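Beneath this line is the structure, given in structure tokens, with notes to follow.
No lab work stands behind these numbers, since they all come straight from the coordinates. These numbers come from a predicted model, not from an experiment. Virtual Cβ from ideal backbone geometry, glycine too; neighbours counted across all protein chains shown.
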Amino acid sequence: MKNIITQLNPAFDHRNRLGIMSILVVNDWVEYNTLKELLNLTDGNLASHLKALESAAYITIQKRFVGRKPQTSYAATDAGKAAFKTHLDTLEAILRMAREGEDD
Amino acid sequence: MSETKQQLAALTEMRALMERSSRFLSLSGLSGVWAGLCALTGAAVVYLYLGMRPLSSAPISYYEQAVRTLRWGMSYKTFFLVTALAVLVLALAGGLFFTNRKARRQGHKTWDASSRRMLIAMAVPLFTGGIFSLALLHWDLPALVAPATLVFYGLALVNASKFTLHDVEYLGLSEIALGLAGMFFLGFGLELWAAGFGILHIAYGSWMYMKYER
């Protein structure tokens, strides 16, 4: 059990980061404001989590102008999707072990 | 064990975020019920115009009757177009109202990336079907219009179901089935149209309302 917990990715060690990744793996590009609304986060909070995921190269950023407004969108990279999947698999394994432990 | 509970809660939250960010879930069942009522009213008005009854054993079919009808100062083409447009506008307006209300109650927005995607997915088959039906009228083939609208509307729903509640897919498949049946049983075109746009909408709409909004 201890062994498997160390396999959990520290880059995802926060529910908001897991939330960001959840949204990005099922969508192509997601705008900053959409993320903010879906996750119900403040600007500072969201920005810091995005920065952490970006520096891990799990997400990529696209900036462009729509009319005169700058618009920032985010997408999960292939590495990010793979890491997220591994993380979910590990979570699942932990839960399975916990359940088996309960049965005994 | 509280660790496990925490992880479980995290998983549940992630699943909800995936659903909510990729699908438009505020579509109200009442929108369907309202659209169905509009369609039934439209069908009733058409029967009045033709001076016929549904499932009647009249010697001629409704589309033959249509060609020789000139009532209320309108040829059948003008009348069909006006009625179809009125039904469409009323159904959309009411549909928007109920869906807006559901979204507001859930604390979501009606107009966002997911609803936009759903509408774009619907638009392509729907516009194609609209132009296709206009062409049928243009070439004096009124018998094929009713089943064609069912088929194209069904395709639009199947396409849109990828971006909204899954149940919409079954509604779409049922509309396609009725439309294809109508292509062979031309004489029952109006009855099948009323069944598809009227009764199916009401049935699916109330079912979805019971399932998600009560």
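With neighbour counts taken as other beta-carbon atoms within 10 Å, the residues A:Met97, B:Met118, B:Met52 rank, fewest first, as A:Met97, B:Met52, B:Met118. Normalised by residue count, the protein assembly as shown yields a Cα convex hull volume of 186 Å³ per residue.
Return the FRET efficiency for the residue pair B:Phe127, B:Gln106: r is the Cβ-Cβ distance, R0 is 45 Å, and the value is rounded to the nearest 0.05.
On the way: r = 30 Å, r/R0 = 0.66.
For B:Phe127 and B:Gln106, the calculated efficiency is 0.90.
Shown here for the range B:92-163: chymotrypsin sites (Phe, Trp or Tyr not before Pro) in loop regions (DSSP other than H, G, I, E, B) with at most 15 other Cβ atoms within 10 Å, namely B:Trp111, B:Trp139.
Summing Cβ point charges (Lys, Arg +1; Asp, Glu -1) relative to the Cα centre of chain B gives a dipole of roughly 600 debye. The modelled label-to-label distance between B:Leu88 and B:Val45, using points 7 Å beyond Cα along the C-beta direction, is 1.4 nm. Starting from the Cα of B:Lys77, step 7 Å toward the Cβ, then list every residue of the range B:142-166 with an amide N under 20 Å from that point. Only B:142-149 fall inside the zone, counting backbone N under 20 Å. Annotated for chain B: lysine pairs at least 8 residues apart or interchain, Cα distance under 27 Å, count 5. Translational diffusion coefficient of the range B:91-194 at 25 °C, 0.890 mPa s, Stokes-Einstein with Kirkwood Rh over Cα pairs, in µm²/s as a whole number. This corresponds to a translational diffusion coefficient of 166 µm²/s. The label-point distance for B:Leu134 and A:Met97, in a model that sets each label 7 Å from Cα toward Cβ, rounds to 6.5 nm.
Stretch B:Leu141-B:Glu19 to full length: gain in nm at 0.36 nm per residue minus the Cα-Cα span?
Working: separation 122, 0.36 × 122 = 43.92 nm, distance 4.35 nm.
Stretched fully, the B:Leu141-B:Glu19 segment lengthens by 39.6 nm.
Regarding the range A:15-103, what's the average projected area of the Cα-atom convex hull, expressed in nm²? Could you put the intermediate results ahead of the total?
Working: hull surface 27.2 nm².
Projected over every direction and averaged, the Cα hull of the range A:15-103 covers 6.8 nm².
Among B:Val168, A:Val66, what is the fewest-to-most ranking by other Cβ atoms within 10 Å? Show your work: numbers first, answer last.
Values: B:Val168 23, A:Val66 8.
Result, fewest neighbours first: A:Val66, B:Val168.
Please order A:Arg99, B:Arg20, A:Arg15 by the number of other Cβ within 10 Å, starting at the fewest. Mind showing how you got there, number by number?
On the way: A:Arg99 10, B:Arg20 19, A:Arg15 15.
Ordered from fewest to most neighbouring Cβ atoms within 10 Å, A:Arg99, B:Arg20, A:Arg15 come out as A:Arg99, A:Arg15, B:Arg20.
Which distance in Å, rounded to a whole number, links the C-alpha centroids of the range B:52-104 and the range B:159-189? Here the two parts' Cα centres lie 18 Å apart.
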